[in-house]
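Below: the structure, in structure tokens.
The values are calculated or read from the model by the stated rules, or taken from the named source; none is laboratory data. Values in this document were obtained by computation on a predicted structure and should not be read as measured data. Neighbour counts are summed over all protein chains in view; Cβ atoms, including those assigned to glycine, are modelled from backbone coordinates with ideal geometry. Surface areas here come from the heavy atoms of the whole protein model, side chains and all, with no ligands, DNA or RNA. Shrake-Rupley method; radii C 1.70, N 1.55, O 1.52, S 1.80 Å.
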Amino acid sequence: MELRVNGVVVPEEAICDEAAEFAGASDPEAAARRALAVRELLLQRAGELGLLEEGAQRDRVTFASRDAEDAVIARVLDAEVRTPVPGEDECRRIYDQNPGRYASGELVEASHILFAVTPGVPVAALRTEAEKLLAELVAAPERFGERAQALSNCPSGGQGGKLGQFGRGQMVPEFDAAVFGNACVGVLPQLAATRYGFHVIRVDHRVPGRTLPFEAVRERIAMELSANVEARALRQYVQVLAGRTVIEGVDLAPVETPLVQ
């Protein structure tokens with residue numbers, strides 16, 4: 001079914017390209033449709049606000065790049081979405097409730113097997129293959145190195161998937177979250193989905209870090225809280241716009257896109 005926002009057709013090619021960015025979603029195509037519908041919704045709002053070139057309406061503007069679209073969308077959100085700044089007490093509460101989250105020097109030694117998402121690869125089928133391997137290795141972890149050499153799309157496969165030792169922030173955020181978001185050692189029970197594809201991960205060793213004082217992480221906590229509040233505000237804003245827009249080919253309730261996470 002064609003994706004249309006107020007009669008504007010989003011090309012099928014754009015949907016296919018966008019689906020690769022949602023490899024971790026249960027339905028990558030549906031997630032891509034939502035993301036592109038939200039983008040078009042916001043670009044049309046930019047036209048209503050007179051934020052496009054020479055005050056033109058959306059149907060008269062062609063963007064040279066994704067970055068140009070992003071710049072316009074940012075202007076719309078700056079103009080119409082306001083989020084409060086978190087206070088000291090709120091930041092302190094988050095810090096006290098998550099003592100292990102704000103540590104310095106935490107290290108892990110890990111290995112992975114990558115099922116890479118590349119153009120033309122059916123994402124759902126690739127995820128199924130990764131899940132099958134994960135189930136196999138949870139039951140028989142001693143096979144990890146052998147399977148990495150045979151199946152991984154990462155150069156580390158030649159070394160049995162070994163990534164060596166690393167700390168927080170050295171890997172992409174989704175991989176970081178999968179490894180540092182728990183205390184598990186061994187084959188992790190869930191896949192990690194990143195921009196590169198699906199990862200089966202084995203944590204071989206953990207070195208605990210030292211909890212940092214509140215003053216050292218207050219700004220980081222405030223930024224995290226602000227991002228969460230902004231995400232809620234954006235979801236509400238998009239729902240208001242969607243409620244007065246004719247959208248075909250996707251359901252924006254609930255909205256789940258990079259713009260509103």
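Restricting 142, 131, 146, 136 to those that are under 18 Å from residue 27 (Cα atoms) and either among the β-branched types (Val, Ile, Thr) or out of contact with any Pro (no Cβ under 7 Å at 6 or more places or on another chain) (or both) reduces the list to 131. For the range 108-158, the set of residues classified as assigned to a loop (DSSP other than H, G, I, E, B), open to solvent by less than 70 Å² (accessible area, probe 1.4 Å) and of a type outside the set (Ser, Thr, Tyr) consists of 117, 121, 140, 154, listed by residue number. Among the numbered conditions (1) open to solvent by 50 Å² or more (accessible area, probe 1.4 Å); (2) within 30 Å of residue 161 (Cβ to Cβ), the only one that residue 218 does not meet is (2). Apart from one condition, residue 194 fits all of (1) open to solvent by less than 50 Å² (accessible area, probe 1.4 Å); (2) out of contact with any helix residue (DSSP H, G or I) (no Cβ under 8 Å at 6 or more places or on another chain); (3) within 26 Å of residue 120 (Cβ to Cβ); the exception is (2).
In the range 84-97, the qualifying residues are those that are of a type outside the set (Gly, Ala, Ser) and open to solvent by less than 60 Å² (accessible area, probe 1.4 Å), and the one that is farthest from residue 241 (Cα to Cα) is 95. Selection of the range 18-66 for residues being assigned to a helix (DSSP H, G or I), closer than 18 Å to residue 1 by Cβ and open to solvent by 40 Å² or more (accessible area, probe 1.4 Å) yields 29, 34. Residue pairs whose Cβ atoms lie under 8 Å apart, separated by 6 or more positions or on different chains, with the first residue in the range 14-33 and farther than 23 Å from residue 63 by Cβ and modelled with pLDDT under 85 and the second small (Gly, Ala, Ser) and in a helix (DSSP H, G or I), are 25/31; 27/124; 28/19; 28/20; 28/124.
Can you tell me which residue within the range 104-119, out of those that are small (Gly, Ala, Ser) and touching a helix residue (DSSP H, G or I) at 6+ places or on another chain (Cβ under 9 Å), is nearest to residue 141 (Cα to Cα)? Across the range 104-119, the extreme among qualifying residues is 111.
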